[in-house]
Amino acid sequence: RSICLPVRLVRDGQPGVRRSMQLRASDEYKMGRQGELVIRKWLTNLGYWVVPTGDIENGGAPVLIKKIRSTILPDILAGRRKPFWVEVKTKTRLPHYQKYNRDQHGIGRRLWDAYLEVQKETGLKGFLAILQLQPLKFYLGSFDEISVGLQTYEGPNMDEPMVYFDVRRFVWYNISDQWELTEMLPKAIQPKIVRAWEQRKPSTHRQLPLI
């Protein structure tokens, strides 16, 4: 199938533009963008061509326009022969979920659903790349693989519904000896709140098994 990329500007009105500008000025956004540059460099070092879809100027995240519906694209389109999608998330640390006694990373459910839609509509495989800064690890997992055992959480203490992935479903890479990448690493931003269920304490719960 052909890849449908934006051909016009898509904005959600002046309030949306202001929110986008505020986001781009935040330290969290800058950390994420720098993390994306690290993963783009990692891919090119391995011989992949890389198209940074996040650089498309449209006042926000790039979109895949389909009739009246807009779907957010992952950050990167890469490949050698057959292309694939890569969404990059940069995280300061690895949370531990006490209830299931497992390490996990999460993203917003709205974004996750959008990435799955892009994979379905384009027929191209998608991957989630997580650059973890403390301790330094790079996780990479296909959308299909990390969907197994996925946990959804929606509660009053969350800004938005979230999905959480068992990190055992990812392949992880040690990039600490690759000076080209470590010199590019962003400064870690410590979380403002560490929730009680993320504390690493002896758990009375069994570890949720891989399915």
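Annotations
- When only the Cβ of Lys, Arg, Asp and Glu is charged (+1, +1, -1, -1), the dipole of the range 80-166 relative to its Cα centre reaches about 420 debye.
- Between Thr44 and Thr92, the contour length at 0.36 nm per residue exceeds the Cα-Cα span by 14.9 nm.
- Amide H contacts under 5 Å for Val51, placed H, 5+ residues apart: Leu77, Ala78
- Label separation (Ile189 vs Val171): 3.1 nm, computed from points 7 Å beyond Cα along the C-beta direction.
- Whole-Hz ³J(HN,Hα) from phi, Karplus 6.51 cos²θ - 1.76 cosθ + 1.60, for the range 119-126, glycine and proline x: 4, 5, 6, 8, x, 9, 5, x
All of the numbers you see were taken from the coordinates with simple rules; none came from a lab. Predicted, not measured: the structure shown is a model, and the values here were computed from it. Counting neighbours? That spans all protein chains shown, and the Cβs are built from the backbone with ideal geometry, glycine included.
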